[in-house]
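Report on the structure given below.
The values are calculated or read from the model by the stated rules, or taken from the named source; none is laboratory data. None of these values were measured; they are calculated from a predicted model. Positions of Cβ are backbone-derived with ideal geometry, glycine not excepted, and every protein chain shown enters the neighbour counts.
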Amino acid sequence: MSSAEKYATAAYLVVLAVVLLYVVLYAFKLARLEREVAELAELAQRRRAA
Amino acid sequence: MSTSLRNNQAVLLAGSAAILLLAGTALAFYWVPNAPLEGFRQRIFYYHVPIALTSYACFGWAAWKALRLLWTREQRYDLESYTAVHMGVIFGILTLVTGSIWARTSWGHWWVWGSRQLVLFLVLFLFYAAYFMLRYSVDPGPRRANLSAVYALFGVALIPVSFLAIRLAADLVHPVVFSHDVGNKLTASQFTTFLVCLAGMLTLAGTLYRNELTGKRVDARLRELREALE
């Protein structure tokens, strides 16, 4: 593989890596939102019971 | 709009982005011949330029939403403008990284401070990076929304300067992509590949914008709900 081929491939891989990183970070955010929804549902249930 | 229709649209948008980007990458590596002057490294251009144009589009979209906010005073435009700046900055980082990789293979340096095009894009990027500092230095509310909107509107003036800098700059270091010059003119295969990659990047930005906006809206509603319940 020539130097130009390596750099061109690296440029494409960097874009892929950033998109994948974004997806991973977004998955963490979704997990946090899911946790918060569960907490709020529990809070609402407790208030209804009281 | 029903939730299932909205979900279908989101899946369609994400699927289109994946197909277009995969097709663009395949065309760039297996269909387009090596450019006479640039050789193999010219393939970086099929991602680098669409990414840069997409970041301009995001900043332009942010300015449009900011204008809508100032015009109508509807607070939902604040979140939309903020999300568009967020996306623009992500694509701005990618523009700088892919551009630096191209610079390294073409000029032998990761960055050339003498190139006005590079420095102007960096100024544009830093301007929008500072948007977040401004936004988070003010308490949430209409004042923050208005300040952020005015800032996003000012930033849009830098876009044509950055875009035209390649032509205005006298350094002749950064290549001009669209030119009437016969030596620099794109061939049909190069232009087709460029358009496929541009469509892919714009669709990707649209997908990320939509997901991010949905996430931020859910976040805001959950906060309101928590305040109401506690």
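Could you check the range A:2-22 and list, in sequence order, the residues that are modelled with pLDDT under 90 and either more than 10 Å from every other protein chain (Cβ to nearest Cβ) or touching a Gly at 6+ places or on another chain (Cβ under 8 Å) (or both)?
A:A4
Go through B:S115, B:S81 for me and flag whichever is in contact with a helix residue (DSSP H, G or I) (Cβ under 8 Å, 6 or more places away or on another chain), surrounded by 16 or more Cβ atoms within 10 Å (Cβ to Cβ) and touching a residue at least 40 places away in the same chain (Cβ under 8 Å).
Selected residue: B:S81, the only one of B:S115, B:S81 that is in contact with a helix residue (DSSP H, G or I) (Cβ under 8 Å, 6 or more places away or on another chain), surrounded by 16 or more Cβ atoms within 10 Å (Cβ to Cβ) and touching a residue at least 40 places away in the same chain (Cβ under 8 Å).
Okay, residues lined up against (1) within 12 Å of chain A (Cβ to nearest Cβ); (2) of a type outside the set (D, E, K, R); (3) out of contact with any Lys or Arg (no Cβ under 6 Å at 6 or more places or on another chain):
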{"residue": "B:Y77", "(1), (2), (3)": "no, yes, no"}
{"residue": "B:E80", "(1), (2), (3)": "no, no, no"}
{"residue": "B:G88", "(1), (2), (3)": "no, yes, yes"}
{"residue": "B:I101", "(1), (2), (3)": "yes, yes, yes"}
{"residue": "B:V112", "(1), (2), (3)": "no, yes, yes"}
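Out of B:I101, B:I93, report the one residue that is within 30 Å of B:A18 (Cβ to Cβ), part of a helix (DSSP H, G or I), at pLDDT below 95 and over 15 Å from the mean Cα position of the chain (by Cα).
B:I101
Look through the range A:3-21, keep the residues that are of a type outside the set (A, V, I, L, M, F, W, C) and out of contact with any helix residue (DSSP H, G or I) (no Cβ under 7 Å at 6 or more places or on another chain), and return whichever of them is surrounded by the fewest Cβ atoms within 10 Å (Cβ to Cβ).
A:K6
Could you please let me know if B:S106 is of a type outside the set (A, V, I, L, M) and under 19 Å from A:L13 (Cβ atoms)?
Taking the combined requirement at face value, the residue satisfies it.
Scanning for something within 10 Å of chain B (Cβ to nearest Cβ), surrounded by 13 or more Cβ atoms within 10 Å (Cβ to Cβ) and either within 30 Å of B:G99 (Cβ to Cβ) or over 28 Å from the mean Cα position of the chain (by Cα) (or both), does the range A:23-34 turn up at least one residue?
Yes, there is a match, as at least one residue in the range A:23-34 is within 10 Å of chain B (Cβ to nearest Cβ), surrounded by 13 or more Cβ atoms within 10 Å (Cβ to Cβ) and either within 30 Å of B:G99 (Cβ to Cβ) or over 28 Å from the mean Cα position of the chain (by Cα) (or both).
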